[in-house]
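S.K.: Dropping the structure in here first, questions after.
What follows draws every value from the coordinates through simple rules; no lab data is involved. For clarity, every value in this text was computed on a predicted model and none was experimentally measured. Counting neighbours? That spans all protein chains shown, and the Cβs are built from the backbone with ideal geometry, glycine included.
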Amino acid sequence: MAELDSAAAKANAEANEVFQKLAAAVEERVKSKATSLDVAEVSQRAGLEIDAKTLEELHVDAVIPVHPFLPWHYWFPWRPLWCWWWRFRYPWYRCCPWWWYRCHWYPW
């Protein structure tokens, strides 16, 4: 059981590291007074290997408006990216554990 706990902890630590980089990339763009963000560009700067086709599959707009008066995690579509990353990086877990409904939005 300890092996499973350490594997999940390692996966979560890796996800946290990647998405901390994403947060930094988004906040950097907000500080530069950008009025909109290219989601693929910002995600790629954070180390996510994502493209426009993947964003379309995730139902994420390619360009989104910046809301500098709100925290980035309220308006930036990081949850679908998290699920995509989780499924891409750890497919044996089948989906991200926190946003199951995001990964399986389509009817069965």
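S.K.: Each residue of region 67-75 in order: what ³J(HN,Hα) in whole Hz does its phi give by Karplus 6.51 cos²θ - 1.76 cosθ + 1.60, θ = phi - 60°, with x for Gly and Pro?
M.R.: Working through the residues one at a time gives 10, x, 8, 10, x, 4, 6, 7, 10 Hz.
S.K.: Sticking with this one: At q = 0.16, 0.19, 0.24, 0.26 Å⁻¹, what log₁₀ I(q)/I(0) does a Debye calculation on the Cα points of region 1-68 give, no solvent, two decimals?
M.R.: Rounded to two decimals, the profile gives -0.63, -0.79, -1.02, -1.11.
S.K.: Would you grab the residues whose amide H sits under 5 Å from the one on Leu37? Only those 5+ places off in sequence or on another chain, please, with H modelled 1.01 Å from N.
M.R.: Ile64, Val66
S.K.: Sort the following peptides by mean Cβ neighbour count (other Cβ atoms within 10 Å, averaged over residues), highest first: 59-71, 38-50. Mind dumping the intermediate values first?
M.R.: On the way: 59-71: 12.5, 38-50: 18.1.
Taking the mean over residues of other Cβ atoms within 10 Å, the ranking is 38-50, 59-71.
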